[in-house]
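Student: One structure, as structure tokens, below. Some questions next.
What follows draws every value from the coordinates through simple rules; no lab data is involved. No experiment lies behind these values; they were computed from the predicted model shown.
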Amino acid sequence: MNAHDIRGPVAITGSANGIGYAIALAFAKLGTPVAIIDLDETLARDTAAALAKETGIATCGVGSDVSNSEQSTKAHKEIEATLGPIAVLVNNAGIMARQKGWIEELPEADFDRMMDIHLRGSFVWSRLVMPSMRQAGYGRVINMSSVNGLAAVPHRLAYVTAKKAILGFTEALALDCARAGITVNAIAPGYVLTETLKERLERGMLDHDGFAERTPVGRWAQPDEIARVAIFLADRASDYITGATIAVDGGLHIRGDHGENIDISPFQ
């Protein structure tokens, strides 16, 4: 028996793989119709079809650059025509910095693209779903920030700026629609073992053990651990939570010595 009270359908940006797909799968397993939104239209449609076959739930796959209003409007209309008005929006689409460096080495185009995908994309899609949510007197908007939106790291200026901006966007939108029965919250994941990061680990671009050691609980997160928090925020049980950011980072953002190697003998 499904104990959750989720008024679907749910639409998730950037959900053909990674955390977004884990969230889509989690909702589908609960019986919630799911819309897969991704830059790669073919991948989005294929993923939606596979998800429908696996779970028996109605799905819709659409392609869109989330920062492009025209593409997003077209995609939104297709979702509504297929599944009905969106009740839960998860603004998950994002990109990672291509390289680390000083601000003077950061191309303006790279900074703009980071802001476009993370922040403008969240704005575009939130604006699209808001009229039907207001009309229904119910809605959920869940924005994806990052542990780096809570605690900055060096040489990642564009990414940190975008993820911190998501927190301000979340709080401002939460205030604007709180009396309409719509909640707006953010999730701030830590290090998550997505396929993209697994690939970077295999290529030696990231230090798996080093990142695990920096995390107080001593390990990386699995994508489904982020999905479970999205499920909670979409549930009617979270009606009184809005404008909040939930860190799912194993305690990383509260640790003040990121990367510091301190050898301390066990307390006796």
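Student: Using only DSSP helix segments of four residues or longer, with each worth -39500 (n - 2.57), what per-residue ellipticity at 222 nm results for the chain after dividing by its residue count and rounding to 500?
Tutor: For the chain, the value works out to -13500 deg cm²/dmol.
Student: Can you list residues whose amide H is under 5 Å from Ala247's amide H, if they're 5+ apart or on another chain and H is modeled 1.01 Å from N?
Tutor: Amide H neighbours of Ala247: Ala188.
Student: Over the chain, with a Gaussian network built from C-alpha contacts below 10 Å, which listed residue (Thr82, Thr170, Thr47) shows the highest mean-square fluctuation?
Tutor: Residue with maximal mean-square fluctuation among Thr82, Thr170, Thr47: Thr82.
Student: Let me ask something else. Let me see the pair-distance distribution of the stretch 69-140: every alpha carbon pair, 10 Å bin width, integer percents in order.
Tutor: The distribution over the stretch 69-140 is 17, 41, 23, 14, 5, given as percents.
Student: For the chain, find the longest principal axis of its Cα atoms and tell me its angle to the long axis of helix 157-177, 0 to 90°, nearest 10.
Tutor: Here the helix axis deviates by roughly 40 degrees.
Student: Contour minus end-to-end for Glu108 and His155, with contour as 0.36 nm per residue of separation and end-to-end as the Cα-Cα distance?
Tutor: Full extension of this stretch gives 15.4 nm more.
Student: Which of these, Val66, Val153, Val124, has the largest mean-square fluctuation under a Gaussian network model of the chain (Cα springs below 10 Å)?
Tutor: Between Val66, Val153, Val124, it is Val153 that shows the largest mean-square fluctuation.
Student: Apply the Karplus parameterisation 6.51 cos²θ - 1.76 cosθ + 1.60, with θ equal to phi minus 60°, to every residue of the stretch 26-43 and state each ³J(HN,Hα) to the nearest whole Hz, in sequence, with x for glycine and proline.
Tutor: With coefficients 6.51, -1.76 and 1.60, one gets 4, 5, 4, 5, 8, x, 8, x, 10, 10, 8, 10, 8, 4, 8, 4, 4, 5 Hz.
Student: Give me the tail of P(r) for the stretch 1-138 as a percent: Cα-Cα pairs with distance above 28 Å.
Tutor: Result: 19 percent of Cα pairs exceed 28 Å.
Student: While we're on this one: Which residue fluctuates the most in the chain, going by a Gaussian network model with Cα springs under 10 Å, if the choices are Gly218, Gly190, Gly94?
Tutor: For the chain, modelled as a Gaussian network with Cα springs under 10 Å, the answer is Gly218.
Student: Could you point to the label whose value was computed as log10 I(q)/I(0) by the Debye sum over Cα atoms at q = 0.07, 0.10, 0.16 Å⁻¹ for the structure here, given (i) -0.24, -0.50, -1.24; (ii) -0.33, -0.63, -1.15; (iii) -0.28, -0.57, -1.26?
Tutor: (i)
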